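Asker: One structure, pasted below without further comment.
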Amino acid sequence: MNRTEGTGREADGAGAGTESAAGRTVAFIGLGNMGGPMAANLAAAGHRVVGHDLSADALAAAADRGVVPAPSAVEAVPGADVVITMLPAGRHVLALYRDEGLLAAAAPGTLFVDCSTIDVADARAAHAAAVEAGHRGLDAPVSGGVPGAEAGTLTFMAGGGSAEFTEAEPLLTAMGKRVVHCGEPGAGQAAKICNNMILGVSMVAVSEAFVLGESLGLSPQALFDVASTASGQCWALTSNCPVPGPVPTSPANRDYRPGFAAALMAKDLGLAAGAARAGGVDAELGLRAARLYAEFAADGGAAQDFSAIVRTIRRRSGTDGPTDRLATSGAPDTPATPDTPGTP
């Protein structure tokens with residue numbers, strides 16, 4: 001397939017497509033729930049990966065999977081052909097690039113690939129900072145969550161020049177199944193927040209439909225059997241169903257352990273809402289979903305899967321449906337913990 005803007009490639013699995021860049025040296029900064037397995041997949045594909053994380057436990061876990069630990073982010077960079085970052089927010093990326101000396105530590109012309117999910121403006125600022133320092137940049141946020149990071153089946157949405165995308169693509173396909181070049185700097189982040197706005201709105205709509213169905217005497221399974229094969233079909237319903245039972249692998253069947261944590265959905269919808277306001281876009285449903293998830297996360301739902309928004313909808317509706325009783329039976333003793341950024 002010709003690689004032009006708006007097109008992508010599918011890899012055959014983790015490690016696919018790496019032959020043209022075999023044996024590269026990659027600095028990987030941010031080895032948490034997402035970054036750790038991503039770095040491990042690069043190492044498994046034959047690359048020398050030097051990594052750093054502020055968490056000693058995360059650094060040790062990555063070392064066990066073939067990543068060479070570095071005592072600091074700056075010390076991971078010298079000698080690297082490519083520097084990959086996976087960090088919580090744009091301020092962390094920009095501070096690391098500019099203030100903490102990451103750009104200055106790299107050899108001239110190094111390719112900086114940021115896989116964090118951050119504001120589009122921050123992504124463009126990071127790209128500009130890299131270019132001003134004599135380097136090259138690519139934003140490449142991911143979708144697929146921790147399971148995708150572990151399995152090497154992530155989707156990458158890349159923004160930057162064609163040459164930079166071509167150079168990064170073999171590394172990205174070592175960590176993912178689908179790699180899409182979305183356009184110029186910031187376009188990858190734009191695609192990510194638009195995709196997650198669709199996902200957030202869809203999950204709210206699916207959850208409302210289940211609560212409505214329950215109030216009308218419709219069983220969750222009956223509604224699922226109809227909607228999953230009719231025009232209401234969507235990923236939020238068929239892969240991440242917000243009620244226990246119809247989809248055995250959905251977080252609803254494990255007391256809403258993520259998955260994709262509600263705090264991260266709130267973050268991504270906040271980025272989308274900010275972009276919509278800045279651009280004067282009338283995104284009524286996206287803005288409403290952003291408010292719902294922000295309230296849900298602040299009200300104790302942050303560490304639950306984002307599909308647990310159904311509990312808020314049910315509570316506001318004054319109902320205690322069968323799905324809550326199913327979800328809480330046999331619930332684990334330990335609370336859920338949110339994933340690190342960069343997921344779906």
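Asker: On the given criteria, is Val146 surrounded by fewer than 22 Cβ atoms within 10 Å (Cβ to Cβ), under 30 Å from Arg311 (Cα atoms) and touching a residue at least 12 places away in the same chain (Cβ under 8 Å)?
Answerer: yes
Asker: What number of residues within segment 121-132 satisfy the criterion of being among the aliphatic types (A, V, I, L, M) and surrounded by 19 or more Cβ atoms within 10 Å (Cβ to Cβ)?
Answerer: So the count comes out to 4.
Asker: Restricting to segment 188-223, name every residue that is in contact with a Ser or Thr (Cβ under 9 Å, 6 or more places away or on another chain), of a type in the set (Gly, Ala, Ser) and without any contact (Cβ under 8 Å) to a residue 12 or more places away in the chain.
Answerer: Scanning segment 188-223 gives a single hit, Gly213.
Asker: Something else: Taking segment 214-246 only, how many residues are open to solvent by less than 30 Å² (accessible area, probe 1.4 Å), aliphatic (A, V, I, L, M) and over 22 Å from the mean Cα position of the chain (by Cα)?
Answerer: Number satisfying all stated conditions: 2.
Asker: Need the failing condition index for Ala107 against (1) closer than 21 Å to Ala168 by Cα; (2) hydrophobic (A, V, I, L, M, F, W, C); (3) buried (at least 17 other Cβ atoms within 10 Å of the Cβ), just the number.
Answerer: Failing condition for Ala107: (3).
Asker: For Pro170, state whether it is assigned to a loop (DSSP other than H, G, I, E, B) and either open to solvent by 10 Å² or more (accessible area, probe 1.4 Å) or over 26 Å from Ala261 (Cβ atoms) (or both).
Answerer: No; evaluated as a whole, the condition is false for this residue.
Asker: While we're on this one: When you scan segment 45-68, how many residues do you find that are out of contact with any strand residue (DSSP E or B) (no Cβ under 8 Å at 6 or more places or on another chain) and touching a residue at least 60 places away in the same chain (Cβ under 8 Å)?
Answerer: Qualifying residue count for the region: 1.
Asker: Of the residues Ala107, Ala123, Ala129, which is at pLDDT 95 or above and over 24 Å from the mean Cα position of the chain (by Cα)?
Answerer: The unique qualifying residue is Ala107.
Asker: Those residues that are surrounded by 24 or more Cβ atoms within 10 Å (Cβ to Cβ) and farther than 17 Å from Ala205 by Cα, I need them from segment 257-266; list them, please.
Answerer: Answer for segment 257-266, where residues must be surrounded by 24 or more Cβ atoms within 10 Å (Cβ to Cβ) and farther than 17 Å from Ala205 by Cα: Pro258, Gly259, Phe260, Ala261, Leu264.
Asker: Filter segment 274-291 for residues that are surrounded by fewer than 23 Cβ atoms within 10 Å (Cβ to Cβ) and touching a helix residue (DSSP H, G or I) at 6+ places or on another chain (Cβ under 7 Å) and give the result.
Answerer: Scanning segment 274-291 gives Ala275, Ala276, Ala283, Leu285, Gly286, Leu287.
Asker: Could you check segment 196-213 and list, in sequence order, the residues that are within 27 Å of the chain's Cα centre (by Cα) and open to solvent by 60 Å² or more (accessible area, probe 1.4 Å)?
Answerer: Ile198, Glu208
The values are calculated or read from the model by the stated rules, or taken from the named source; none is laboratory data. Model, not experiment: these values are computed from the prediction. Here Cβ is always computed from backbone atoms with ideal geometry, including for glycine, and neighbour counts include all displayed protein chains. Side chains included, ligands, DNA and RNA excluded: accessible areas come from the protein's heavy atoms. Shrake-Rupley method; radii C 1.70, N 1.55, O 1.52, S 1.80 Å.
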